Amino acid sequence: MRRMAAAFVVWTMMIGAGVARAQAASCADLRAQKDKVYGFHLTQLNEAQIDAKSKEIDAYWKQLQGAGLEGVSCLKELLTSEKTDHIFQFDAASFLFQLDKSSDSLNLVKDAIVQTDFQETDPANYLSLALELGQRGVNIQSLAARLLLFPNAIIHISEHSLDLDSDTAALFLYGSMDSAKACKGLIAQLQAQEPFVRAAAAHLLAEQMTEEAFRTLSAWSGLADIKEDYRRNDIQSVMKYQAPDPAEFANPKWTREQVLQVIAGLPHTRKEFDDVMSTRGAEFDRQMREKKPSQEELAKAVAESEPIYGIADRTAFQNAAVATLKAEDFDTLREARRRALYNISDESLSEYLAYTQVMIRLLNRLELYKDYRAH
């Protein structure tokens, strides 16, 4: 079914284009117009009605933007007082996020979108906005936890042709948090009433790989009740020691110091990626074009080369990290993995998962947290 996406795309494009200021309206006018425009349910509208409603919403946000600072102040009042119209809450919160990045406004945005109805609002927009809030220092535990309540959700990220299940969607939020906050939130969810929430929380908690996570899961009685194979397998890969194959990390190509230096220099923002792409990335591409490698030769060249954008697919570098890093470097890996989730994309996810595999292998090589892991 077609979604209106709660006018998110409409007015985001509007802001970017720089619309002309409309005649300023008073807050009373904006409140009255809001009551006329909103209060609908997308699931009850047909295609023609959705088109008409989109135009009404577009006109409303132009009117509010035309009110300038008074409009922003009014928007905060409307958002604070609204408790039941979840479409308006998400629209208004998203609009406010574009206009005001102050701490108070960001927390107001968080408190509004935590009530999002995923039948009315595209969860992909929710996920992107939640990640941006987290990156700006907002505590998004409640926003991440909300995703766990939708176990069969498929969240489509159209920009990257990516479909996410609820566990993976929640991973972007919990994985991008400070590990202490993530563990605290996930441990609380182990006591949730819904068994699928408890299972998802255990799955995500295992991937945190902190001492608190290991201690909690080793004593938790709910592990045996997890029914899904993928969750059990992922948890077991973390919680159970597996003897490493020394051949996998024999003769490392990089030293410990070099590994840490490379990780520290990897890009984690769009601008940093663009800068690397136009320099080192462009040079690597030029060299490959000159060699005219086959697909197999290209894959091998990537696997053996120094990471440029990230460690995913850089097999030799991953092996060197496992071979040379020490226990005191584990937090460095965890932080690099957290920073890899800078946007909702398959590239960010691949990078996060690559770090996760390196961390699991290092756990086994160094036998870290062995008091809590099965042998």
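The figures follow:
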quantity	calculated
Considering residues of the range 92-118 that are under 20 Å from the mean Cα position of the chain (by Cα) and charged (D, E, K, R) only, the residue modelled with the lowest pLDDT	Asp117
Matching entry among Leu217, Leu205 (being at pLDDT 95 or above, open to solvent by less than 10 Å² (accessible area, probe 1.4 Å) and touching a Ser or Thr at 6+ places or on another chain (Cβ under 8 Å))	Leu205
Residue satisfying all of: in the range 254-287; assigned to a helix (DSSP H, G or I) and among the β-branched types (Val, Ile, Thr); most open to solvent (accessible area, probe 1.4 Å) among these	Thr279
Residue, farthest from Asp234 (Cα to Cα), within the range 161-179, restricted to residues that are without any contact (Cβ under 8 Å) to a residue 40 or more places away in the chain and open to solvent by 60 Å² or more (accessible area, probe 1.4 Å)	Ser161
Selection within the range 325-358 - hydroxyl-bearing (Ser, Thr, Tyr) and open to solvent by less than 30 Å² (accessible area, probe 1.4 Å)	Ser345, Ser348, Tyr352, Tyr355, Thr356
Cβ pairs under 6 Å, 6+ apart, first in the range 90-102 and closer than 13 Å to Trp61 by Cα and outside any loop (DSSP other than H, G, I, E, B), second of a type outside the set (Gly, Ala, Ser) and open to solvent by 30 Å² or more (accessible area, probe 1.4 Å)	Ser94/Phe8; Gln98/Ile15
Helices (runs of 4 or more DSSP H) contained entirely in the range 288-375, each with at least 2 residues that are among the β-branched types (Val, Ile, Thr) and modelled with pLDDT of 95 or more	315-324, 346-366
Subset of the range 200-235 that is among the acidic types (Asp, Glu) and in contact (Cβ under 8 Å) with a residue 40 or more places away in the chain - its residue that is farthest from Met359 (Cα to Cα)	Glu211
Selection status of Asp313, open to solvent by 60 Å² or more (accessible area, probe 1.4 Å) and either within 16 Å of Gly175 (Cβ to Cβ) or touching a residue at least 24 places away in the same chain (Cβ under 8 Å) (or both)	yes
Scan of the range 346-375 for residues that are under 10 Å from Gln242 (Cα atoms) and of a type in the set (A, V, I, L, M), ordered by number	Ile360, Leu363, Ala374
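The values are calculated or read from the model by the stated rules, or taken from the named source; none is laboratory data. From a predicted model like this one, the values you see are computed outputs, not experimental measurements. Using ideal geometry, Cβ is built from the backbone for each residue, glycine included, and neighbour counts are taken over all protein chains shown. These accessible areas exclude ligands, DNA and RNA; they are computed on the full protein's heavy atoms, side chains included. Shrake-Rupley method; radii C 1.70, N 1.55, O 1.52, S 1.80 Å.
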